[in-house]
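Participant: Structure provided below as structure tokens; questions to follow.
We did not get these values from a lab; they are worked out from the coordinates using the rules stated. Worth saying up front: this structure is predicted, and the values here are computed from it rather than measured. Backbone-built Cβ (ideal geometry, glycine too); neighbour counts: all protein chains shown.
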Amino acid sequence: MSPSTTEELLELPPKASEFKRFVRVFFGRKVVIFGTVVILLFLLTAAFAPLIAPYDPYAQNLGKALESPSREHMLGTDPLGRDELSRIIYGTRISLAVGIISVGIAAIIGMALGLFAGYFGKITNTVIMRFIDAMMAIPPIMLALAIAAALGGGLWNVIISLGVALIPTQARLMRGQVLSVKQADYVTAGEVIGASDLRIMTLHIVPNCLPPLIVLITLNLGVAILSEASLSFLGVGIKPPAAAWGAMVNDGYRYLLSNPVLSFAPGFCVMLIVIAFNLVGDGLRDALDPRLRGTL
Amino acid sequence: MAHLLEVKNLVTEFRTDRATVRAVDGVSYYIDEGEVVGLVGESGCGKSASQLSVFQLIASPPGKIVSGEALFEGEDILKYKADSEKMREIRGGKMGMIFQEPMTSLNPSLTIGTQIMESVMLHLKMDKRTARELALELLRLMGIPDAIERFYQYPHQFSGGMRQRVMIAIALSCNPKLLVADEPTTALDVTTQAQILEIVKNMVKKSNTALLVVTHNLGVVARYADRIYVMYAGRVIESGKSKDIFAAPRHPYTVGLLKSVPRLDEPKGRKLVPIPGLPPSLSSMPGHCAFYPRCSYRVDACKQKPWPELRNVGDDHYTACALDMR
Amino acid sequence: MADEPTTDRDRNILEVKDLKMYFPIVRGFRRRVVAHVHAVDDVGFAVKKGETLGLVGESGCGKSTVARCILRLYKPTQGQIVFNGQDIAGLTRSQMRRLRHQMQMIFQDPYSSLDPRQTAGNIVGEPMKVHRLFTTRHEYRERLAELFRMVGLDPSMEDRVPHEFSGGQRQRLSIARALATDPSFIVCDEPISALDVSIQAQIINLLQELQEKLGLTYLFIAHDLAVVRHISDRVAVMYLGRIVEITHWKDLYENPLHPYTRALLSAVPIPDPTIEEMRDHIILKGDVPSPLNAPPGCAFHPRCPSARKECRETVPVMKDVTGTHKVACVLF
């Protein structure tokens, strides 16, 4: 038949386990490990908040208002005597929930819009992209603000408004990726073998568009959390007495000189989680690159 | 008499964190004035890397010319630093090079005229007016119609074949003594390829320039080269007069190449005899002959000895195979 | 254009008639169509079952566009594409999908024709899944292993990703994928141009062996005349969207008629210095024109060494010189 297959065999290096390789590339950089650890810690904090928090975050104690950090209240108390640390811990739940759900909504809807616009082109593309352009004309935070204000504040309205505000960037990026992936011969091959549009889109196009989108998603997680904080700070976000980090920054704003911890602590948490998500996003993008597959 | 260019035992390595790759592994060749020499091999054999080394255009790191000499007009130019004035004088002045991809070798934001003039003014120290006239003359010689209009146009306004002609014009503008053409026509259509090579051949004959053609196309070397060097895995494995090598190749790789390529003039029934397997990975070379796994003439002894040096098997005909294949 | 004898044994598997493919040039904000690029113009030919028709030409000649029209990746502007007796030129996409298992394609670039995120096995097996060819998993895996072996690859490589294979091995995977649905017709679009010389022969031989073994019909597109002549039974030469000459492979070298074919042949060097010395070199003037700026009349006339006045005025029609040799030139 054709030249000996045993010779062909000898050329390929032994197959490294996919998973091991993924793990190796992902944890290859120390900063990525750092980011992962931070996110895990925040996730655990959110999950086990009731067990970790020393006090009830809603329990007011006006007699002990605005205390400085002490052994009993490690981060002090807020203007209504509530334990700052406990509120930060419970705040993790809100921030993560808002971040993950709103970005999830934006990603699913945005990627779907970008996929259809890019794959089908012509009228579908024009309609979708003009709509997206209109949305992008307004800065995301203003868009979120407008929607949140219109719907009234509250957790779910914030999530919806942020989700909607993040759709345009997801859609745009997805469309760009789809357009470039569509050029590849393997997509044409899909059509030649008779695969349906749905199959080509889900099996061939979407997976090959993912790497930059994953980075965008993790970036957006940070943006969402930050935006929630801004919205709450501006008063249209999560309403008190909910322990949202942004609202906490707002509450502590007046006491910046006397009790700086009240604003700095939640602010620091926002910063930390945003950085962590960015680092993890980088790591994921590198680890998912198929070109690094198979090489030891 | 000294050769115009004589390369002796050139070794160039590329170092990455994973491995050190010897792209050029002790390569020697020469070319005399007015000769056309072909350097033949497939991708990864080191033919381009050796030229870039001689011109000191190797990016370092990760590349490094480890040892060897390149005697141009008797003087070892490798002893000059890559960015020294002496090297820059020679490169583009006395030695010219044409690259494979004309689009990326021309500056997209400068007009063609400017680029030709730049070269001439730099090497021949001409004033602008003389340079401009020379540039226009060159464009006409290259068969580019409406040379005056074209002079002011940009690379993207030219087709691939035209751009390659401009590259040749630039390379020849300073009357180099040696012109190296690295896969000059691979990106071009067949009829354009014939045009370009014909132009180069004529220009080179007129000015007695030496021409070194680096290519994987055996037909091109058969048509234009007087002598050829065949490379594999970083080394020269056969060299000699073009007619001798094609008539009686003395290395199994050369034999394999010739048998595996279809020819316009052969009878239909001839089945192509491919070379089985794949070229070796340069980062993990065995101590013995690198062609061994794919060689149809091999014997056990080939695996036990180190890769043979070139030996004389005829009038200026050398082979790196220890076996007598006749 | 199809006048091949249609006895049972000499059936035409494909007949292309008066094929035209024009692409609109769109300008401006309102996307007005200002002109059309005549990528393919009045192309007609037939391919017998089991034979290989070679399609040669240089850049802009339209050979790839013809291939894509035949496979209905484009909807032709005009013309008929009769495949196994059925005109597929006007079918809808879903109607086409049902026929696709009979006609497949091998692509030029081994690096972009395989989905980098799929395993080799999934890539080769996908056509079978799409057309639901197997009821049991066992049959599917058997067939998959058979396909791998047919192209000279070890079936155990099925869970590797394309990136781990060499260029030549990837082309083998491409071929295996094309064979998965047991097609009768395969379009090979420059299948070896991107491969090293010593690997090209491996793939050419593989394609020929498979043709013999499975009774395949090929449309073989390439710019390398020597390769095309080697593998084809008949060869069609294209220039700027039209076929200028169709002939039996033997005639192509021994008796080329069209001036362009002669120039093309003379431009292909033969790896033999003694023979090369004796050959005539026909060097054409000018460059291959772009389809956007096609010269009037016979598109080749500005570069043709034998051009006459009438060449600028009329487009030559395809004429029969002998039964199998056709040429589109006023000289004949």
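Participant: Using Cβ counts within 10 Å as a stand-in for footprinting exposure, how do B:Ser260, B:Ser173, C:Ser232 rank, fewest first?
Facilitator: Numbers: B:Ser260 20, B:Ser173 26, C:Ser232 23.
Lowest count first: B:Ser260, C:Ser232, B:Ser173.
Participant: Looking only at the stretch B:153-167, which residues have a backbone nitrogen under 18 Å from a spot 7 Å from the Cα of B:Met103 in the C-beta direction?
Facilitator: Residues B:154-167 fall inside that zone.
Participant: Mind jotting down a quarter of the surface of the convex hull over the alpha carbons of chain B, in square nanometres, one decimal?
Facilitator: Over every viewing direction, the Cα hull of chain B projects on average to 18.3 nm².
Participant: Would you kindly work out the equivalent ellipsoid of the stretch B:86-219 from its C-alpha gyration tensor and give its semi-axes, the square roots of five times the eigenvalues, largest first in whole Å? Please report the intermediate quantities before stating the final value.
Facilitator: On the way: eigenvalues 89, 66, 35 Å².
Largest first, the stretch B:86-219 gives 21, 18, 13 Å.
Participant: Further, regarding this structure: Among the aspartates and glutamates, which have Cα under 17 Å from the Cα of A:Lys30 when same-chain residues fewer than 8 positions away are ignored?
Facilitator: Within the straight-line limit of under 17 Å, A:Lys30 reaches these aspartates and glutamates: A:Asp282, A:Asp286.
Participant: Can you tell me the orientation of helix C:197-214 relative to chain C, as the angle in degrees between its alpha-carbon axis and the longest Cα principal axis, to the nearest 10?
Facilitator: It works out to around 70 degrees.
Participant: Could you work out the percent of alpha carbon pairs in chain C separated by over 26 Å, rounded to a whole number?
Facilitator: 52 percent
Participant: I've got another one for you. What are the ³J(HN,Hα) values, in whole Hz, obtained from phi via the Karplus relation 6.51 cos²θ - 1.76 cosθ + 1.60 with θ = phi - 60°, for each residue of the stretch B:59-68 in sequence order, with x given for Gly and Pro?
Facilitator: 5, 10, x, x, x, 7, 7, 7, 7, x
Participant: Please compute, for peptide C:204-211, the average count of beta-carbon atoms on other protein chains lying within 10 Å of each residue's beta-carbon. Display every interim value, and only then the final one.
Facilitator: Working: counts 5, 8, 4, 0, 2, 3, 2, 0.
Average neighbour count from other chains, rounded to a whole number: 3.
Participant: While we're looking at this one, here's another question. Taking every residue in C:120-130, how many Cβ atoms of other protein chains lie within 10 Å of its Cβ, on average?
Facilitator: That works out to 3 on average.
Participant: If amide hydrogens are placed 1.01 Å from N in the peptide plane, which non-local residues have theirs closer than 5 Å to the one on C:Met105?
Facilitator: Answer set, sorted by chain and number: C:Val187.
Participant: By a straight-distance test (C-alpha under 24 Å), which lysines pair with B:Lys64 as possible cross-link partners, with residues fewer than eight away in the same chain excluded?
Facilitator: Those lysines meeting the cut-off are B:Lys8, B:Lys47, B:Lys79, B:Lys81, B:Lys86, B:Lys94.
Participant: Okay, moving on. Please tell me which of these pairs span more than 32 angstrom C-alpha to C-alpha: B:Lys259/C:Lys129; B:Lys201/B:Lys259; C:Lys63/C:Lys309; A:Lys182/C:Lys213?
Facilitator: Values: B:Lys259/C:Lys129 40 Å; B:Lys201/B:Lys259 28 Å; C:Lys63/C:Lys309 28 Å; A:Lys182/C:Lys213 35 Å.
B:Lys259/C:Lys129; A:Lys182/C:Lys213, as the Cα separations exceed 32 Å there.
Participant: Oh, and also: Set the Förster distance to 30 Å, then compute FRET efficiency between C:Leu133 and A:Leu44 from the Cβ-Cβ distance, nearest 0.05. Numbers along the way, then the final one.
Facilitator: Details: r = 49 Å, r/R0 = 1.65.
That gives a FRET efficiency of 0.05.
Participant: Next up: To the nearest 500 deg cm²/dmol, what mean residue ellipticity at 222 nm is calculated for chain A from DSSP H runs of n ≥ 4 alone, each contributing -39,500 (n - 2.57), summed and divided by the residues? Don't skip to the answer; put the middle values down first.
Facilitator: On the way: 12 runs with 203 residues, N = 296.
Counting only the DSSP helices, I get -23000 deg cm²/dmol.
Participant: Something else about it: How much net charge surrounds B:Lys94 when only other residues with a Cβ under 13 Å from its Cβ are counted (Lys, Arg +1; Asp, Glu -1)?
Facilitator: Net charge around B:Lys94: 0.
Participant: Suppose R0 equals 30 Å. What FRET efficiency, 1/(1 + (r/R0)^6) with r the Cβ-Cβ distance, do B:Glu149 and B:Ser207 give to the nearest 0.05? Spell out each step's value before the answer.
Facilitator: Working: r = 27 Å, r/R0 = 0.90.
Computed FRET efficiency for B:Glu149 and B:Ser207 comes out at 0.65.
Participant: Would you kindly calculate the translational diffusion coefficient of the stretch A:44-119, applying Stokes-Einstein with the Kirkwood radius from alpha carbon pairs, for 10 °C and a viscosity of 1.306 mPa s, and quote it in µm² s⁻¹ without decimals?
Facilitator: In µm²/s, the coefficient is 110.
Participant: Per residue and in cubic angstrom, what volume does the convex hull of the Cα atoms of the protein assembly as shown have?
Facilitator: Enclosed volume per residue, from the Cα hull, is 227 Å³.
Participant: On to the next question. So which aspartates and glutamates can B:Lys177 reach, going by Cα to Cα under 15 Å and dropping same-chain residues fewer than 8 places off?
Facilitator: Once the sequence-local aspartates and glutamates are set aside, what remains near B:Lys177 is B:Glu6, B:Asp32, B:Glu33, B:Glu35, B:Glu73, B:Glu75, B:Glu89.
Participant: To test your reading of the geometry: what angle, between 0 and 90 degrees and rounded to tens, separates the Cα axis of helix B:128-141 from the longest principal axis of chain B?
Facilitator: Its long axis makes an angle of about 50 degrees.
Participant: If I histogram all Cα-Cα distances within the stretch B:1-95 using bins 10 Å wide from 0, what percent of pairs lands in each bin?
Facilitator: 16, 49, 31, 5, 0
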